[in-house]
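The values are calculated or read from the model by the stated rules, or taken from the named source; none is laboratory data. The structure displayed is predicted, hence computed values, not measured ones. So basically every Cβ, Gly included, is an ideal-geometry build from the backbone, and we count neighbours across all protein chains shown.
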């Protein structure tokens with residue numbers, strides 16, 4: 001009788017240990033997924049940082065800064081006049097004779 005009780009207790013402990021191991025493995029998978037997502041975000045941030053540093057180096061040269069200001073914000077010096085050239089549209093008009 002005592003042997004049967006010990007077997008039941010041992011089986012209950014095994015079931016409990018199995019449930020805990022399964023829970024830990026589930027958490028491990030979740031943490032692994034979170035880690036992979038964080039790693040991807042870090043790589044994206046490193047790429048963005050490199051691009052921003054390249055942009056900073058580019059605009060730190062006064063000529064390049066002026067070029068960007070002119071292109072993006074239509075900047076002009078006070079003594080300059082801006083001429084906007086609009087390309088001619090090639091439209092062919094067809095005439096029909098009745």
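The set of residues in the range 56-78 being surrounded by 10 or more Cβ atoms within 10 Å (Cβ to Cβ) and either at pLDDT 95 or above or assigned to a helix (DSSP H, G or I) (or both) consists of 57, 58, 59, 61, 64, 65, 66, 67, 68, 69, 70. Quick one: is residue 53 surrounded by 10 or more Cβ atoms within 10 Å (Cβ to Cβ), touching a helix residue (DSSP H, G or I) at 6+ places or on another chain (Cβ under 8 Å) and either in a helix (DSSP H, G or I) or modelled with pLDDT of 90 or more (or both)? Judged against the criteria, residue 53 is not a match.
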